[in-house]
Amino acid sequence: MTIDIIGGGIGGLTTAIALKQKGFTVKVYEQASEIKTVGAGIILANNAMQVYQKLGLKNTIEQKGNAISSINITQSNLKPLSKVDLAYFEKKHKVKNIAIHRGELQKILFEKLQEDVLLNHELRSVQNTKNGVLLHFKNGFSTKSDILLGADGINSVVRENIFPNTHLRNTNQICWRGVTTYNLPEKYKHELNEAWGQGDRFGFVQIEKNKVYWFALKSIKTNKKEYHKDKLEEYFKEYHPEIKNILQATQKKNIHTAEICDLQPIHTWHKDTICLLGDAAHATTPNMGQGACQAIEDAYVLAECFAKYNPKEAFESFQELRISKTHKIVKMSWKLGKIAHLKNPILITIRNQILKLTPAYIQKKQSEKIFQLAEV
C-alpha cells in the first residue's frame, strides 16, 4: 500500500517523513518544478519543534534558523504592550522556538525524501471509482491511489473534489511579506516583535545572521489594487524608524503580496480513503503564527494513528484528536486579527490597556494549551 500525498509544502513533506519513519511507503506530488529557497520566513513554535525533535530534525533546523525567546506585541513606536516569555516552554519541552526561512525548512524536509517527491505534478482532479481513487494531473499523468492525503493548502483541489461546499472567508486585510539583509539591534535579535497601529500592523524577526523576515498588514477599504508594495514606507511612516529602515533595506522584488483568508471551519476531514490535513482541512489566518505549526502537528498525529489503526480508523482517530484544537485556533486567530486592526482611537486605547494589564500567567496558560501535543 502506498500513501499518496498531494502537496509538497511543509505539511505534506513533514507527513511523508513521519509516515516513512513508521515504515509506510509514501509518494508526494508537488506542483512546483523545483524546490527553491524562496518566499518568506516562518516561526516554528514550541509545538512544531517538539514534532521535529521526534522526527530527528531538531538540530538541523536549529542550525539553519534563529532561536527566539519572546513574542512581543507593541505599539507602533515599539513600546511594549504584551510579552510572552518562551523560556518556561523551552525548559519544559526541551526545544527552542525557531524563526527560519520557509524555503530553507522546505529544503531540509525535501532532502529527507528526495525520490519520494514527484515535482511538476499539479493535481487537476480526483475521481472516486469502485476500484479506488484516480488522480489526474495537469501534465497528463494519471494514477490510482490506495490512500490519499490532501495537503494542498487553502485552495485544496482534493477538498474541492470531496467536499465542494466549503467556504473561504476574506478578512479584508492585505499582507506583504519580505526577507532582507539587515543587521537588527542586539535587543531585537532573539524575539518576534509585532507592532500594532491604527488599522495596520508590522512584525519582524531575525531568521539567520543579518537576515530579517518581516510582514506588514493593512485593512482594505475598497479595491485591493489600490494597495501597492511601492507605498509601504508611506503606509507605515508613523511607525518606529527601525521599521522604516527594514523596509528601505528590502528589494521590491523580494516582497510578496497576498490577501488574508481562512477556511470557515468544516467538521469532516475524511471520506472513504481520502483525508485532508493542514490548510486543506483548517486554514487559519496568520495572527497566531500557528498555520504551519498546526499542519506539522497534523503530520505527527496522523502518522501515529496510521501506526496503530487501519486507514479508516486512523482517519477517524486523527480527526477526533485534532479537530477541536484546530477550530479553536482558527476562531481565536480570526478574532485576534480584528482586534489588531481596530481604527477607533478610544477602542485602541482600551485594547492597549487590556494588553498591558493582562497577567503573565493567563498568557502562559493560553500558550500551554497551544504547545501541548495530543497523546495518541
Label-point separation (nm) for residue 324 and residue 2, each offset 7 Å from Cα along Cα-to-Cβ?
-> 3.8
Taking a ≥ b ≥ c as the square roots of the eigenvalues of the Cα gyration tensor, with a/c under 1.5 meaning rounded and otherwise prolate when a/b exceeds b/c and oblate if not, segment 65-176 is prolate
Compute the length gained on full extension between residue 114 and residue 228: take 0.36 nm times their separation in residues and subtract their Cα-Cα distance, giving the result in nm to one decimal.
-> 37.2 nm
If one takes the longest principal axis of the Cα atoms in the chain, at what angle in degrees, from 0 to 90 and to the nearest 10, does the Cα axis of helix 360-371 lie?
-> 20
Angle between the Cα long axis of helix 102-111 and the longest principal axis of the chain, 0 to 90 degrees, nearest 10?
-> 30
Only Cα pairs under 8 Å and at least 6 apart count here; give the relative contact order of the chain as a rounded whole percent.
-> 21
Check residue 133: other-chain or 5+ apart residues with amide H under 5 Å from its amide H, H built from backbone geometry?
-> 145
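Quick one, what does Rg over Rh come out to for segment 209-349 if you take C-alpha atoms and the Kirkwood Rh?
Details: Rg = 19.6 Å, Rh = 18.0 Å.
Rg divided by Rh gives 1.08.
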5 angstrom amide H check on residue 173, placed H, neighbours 5+ away | 220, 260
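Say R0 is 56 Å: what FRET efficiency, to the nearest 0.05, do residue 60 and residue 244 get from their beta-carbon distance?
The computed FRET efficiency comes out at 0.95.
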Could you do me a favour and compute the accessible area per residue for the chain, 1.4 Å probe, result in Å²?
-> 46
Relative to the longest principal Cα axis of the chain, at what angle does helix 345-357 sit, 0 to 90 degrees, rounded to 10?
-> 80
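Given the DSSP H assignment, sum -39500 (n - 2.57) over each helix run of at least 4 residues in the chain and divide by its residue total; what's the result at 222 nm in deg cm²/dmol, nearest 500? All intermediate terms of the calculation are to be shown ahead of the outcome.
On the way: 13 runs with 140 residues, N = 376.
About -11000 deg cm²/dmol.
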Could you go through segment 8-14 in sequence order and give the Karplus-derived ³J(HN,Hα) for each residue, using 6.51 cos²θ - 1.76 cosθ + 1.60 with θ = phi - 60°, rounded to whole Hz, and x for Gly and Pro?
-> x, x, 5, x, x, 5, 5
Listed highest first by mean packing, meaning other Cβ atoms within 10 Å per residue, what order do 161-167, 52-58, 105-111 come in?
-> 105-111, 52-58, 161-167
How large, in percent, is the carbon and sulfur part of the accessible surface of the chain at a probe radius of 1.4 Å?
-> 49
So the FRET efficiency between residue 75 and residue 36, C-beta based with R0 = 25 Å and rounded to 0.05, is 0.10
Hey, can you rank 340-351, 35-46 by average C-beta count inside 10 Å, highest first?
-> 35-46, 340-351
Restricting things to alpha carbons, tell me how big the chain is in terms of Rg and Dmax, in Å.
-> 20.6, 63
Could you please state, rounded to a whole Å, how far the C-alpha centre of segment 19-48 is from the C-alpha centre of segment 145-188?
-> 13
Long-range amide H partners of residue 40 with built H, under 5 Å = 102, 103
Ordered by residue, what ³J(HN,Hα) values in Hz, to whole numbers, does segment 232-240 give under the Karplus form 6.51 cos²θ - 1.76 cosθ + 1.60, where θ = phi - 60° and Gly and Pro are x?
-> 4, 5, 5, 4, 10, 5, 7, 7, 4
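The values are calculated or read from the model by the stated rules, or taken from the named source; none is laboratory data. A quick note: this is a predicted structure, and the numbers were derived from the prediction, not measured. A quick note on method: Cβ atoms are made from the backbone with ideal geometry, for glycine too, and the neighbour counts reach across all protein chains shown. Accessible surface areas use protein heavy atoms only, side chains included; no ligands, DNA or RNA. Shrake-Rupley method; radii C 1.70, N 1.55, O 1.52, S 1.80 Å.
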